[in-house]
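Working notes, beginning with the structure itself.
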Amino acid sequence: MWSKVVSGPSSSVHEQAWPQPDNTKVELSERTIVVMVDGKKQSLARVPSKIALDEHDLRSFIQASPEGIAAVNRRAVQSTIVVPGKLVNFVTSQK
C-alpha cells in the first residue's frame, strides 16, 4: 500500500522524512482560565486567546465576567495575581 502512495528511489516507509506539523490548525480560539479567591478554585472561565495571554486584559475581563463577580462575592479585593493563560487569583482581606 505504501508503494502506491510514495514513488521514487526511496519509496520505503522507513526512509521517508518525518511529517511537519501545521501549527495554524492547532491554534486555540479560547482558553479556560481558573478563577480563584485566596488560593482556592472558585470557577472556570472561557476567555478568548488574545485576551488570555495579556495580563492587563485578562484581569479586566475576569473582573467584569459573571465568574469573577460571583467568585469575589462583595469581598474587598486587596490584590490580584494573574498568570496569563492560566489563572486569576483575587486576594481578599480576611474577616
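Just so you know, all these numbers are worked out from the coordinates, no wet-lab data involved. In this text, all values refer to a predicted model and were calculated from it rather than measured experimentally.
Under a 5 Å amide H cut-off, with hydrogens placed 1.01 Å from N, Ser43 pairs with Val35 among residues at least 5 apart or on other chains. Where does helix 55-64 land angle-wise versus the long Cα axis of the chain, in degrees 0 to 90, nearest 10? That works out to roughly 60 degrees.
Here the Karplus relation 6.51 cos²θ - 1.76 cosθ + 1.60, evaluated at θ = phi - 60°, turns the backbone of the range 19-29 into coupling constants of x, 8, x, 9, 5, 5, 8, 10, 5, 8, 8 Hz, with x for every Gly and Pro. Relative contact order, whole percent, for the chain stands at 26, derived from Cα pairs under 8 Å and 6 or more residues apart.
The length gained by stretching the chain between Asp57 and Asn23 to full extension, at 0.36 nm per residue less their Cα-Cα distance, is 9.8 nm.
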